[in-house]
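Peer 1: This is the structure I have questions about; it appears just below.
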Amino acid sequence: FGEMALLSAEVRSADVIAITACEMAILERHDYLEVVQEKQNAKMHLKLSVLEANPYFRFLTPEQRAKIAKGGKLQRVSGGESIIHQGAASEEVYLILRGSCAVLRRLRVPAI
């Protein structure tokens, strides 16, 4: 607990009281921020490597790919979960970082 106040440099928003005897690890602000930064760098590296490997993004400069990677958000989905619905407005581009997806298209078959 306490990570939100740490990230935003705000004061604590609640008291925390031990209900039972507790043993805790305490991570100081600078150490916590260093770990968070390392994780962000790893996510950025993953997004950049996907963009660099994708033929649709090869024409972009490294700076343009970095801008896209910074703006992108990560999303996890479970197996079998629907990601895009046929007929829905197109507002985003999805890049698969890990895992696999199936593309399903309903076709209109003319009546005979």
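A short reminder: the numbers here are calculations on the coordinates, not readings from a lab. The shown structure was predicted, so the numbers you read here are calculated from the model rather than taken from an experiment. We place every Cβ from the backbone using ideal geometry, glycine too, and count neighbours over all the protein chains shown.
Peer 1: In the stretch 69-87, which residues are surrounded by 10 or more Cβ atoms within 10 Å (Cβ to Cβ) and not in a loop (DSSP other than H, G, I, E, B)?
Peer 2: Passing the criteria: 69, 70.
Peer 1: Kindly list, by first and then second residue, each pair from a residue in the stretch 25-52 that is farther than 13 Å from residue 74 by Cα to a residue that is of a type in the set (D, E, K, R) and surrounded by 13 or more Cβ atoms within 10 Å (Cβ to Cβ), limited to pairs with Cβ atoms under 6 Å and residues at least 6 apart or on different chains.
Peer 2: Partner pairs satisfying both residue conditions: 51/65.
Peer 1: Write out, first by first residue and then by second, each pair whose Cβ atoms fall under 6 Å of each other, whose residues are 6+ apart or on separate chains, and whose first residue, in the stretch 77-96, is touching a residue at least 40 places away in the same chain (Cβ under 8 Å) and within 30 Å of residue 58 (Cβ to Cβ) while the second is of a type in the set (Val, Ile, Thr) and surrounded by 10 or more Cβ atoms within 10 Å (Cβ to Cβ).
Peer 2: Hits for this filter: 95/50.
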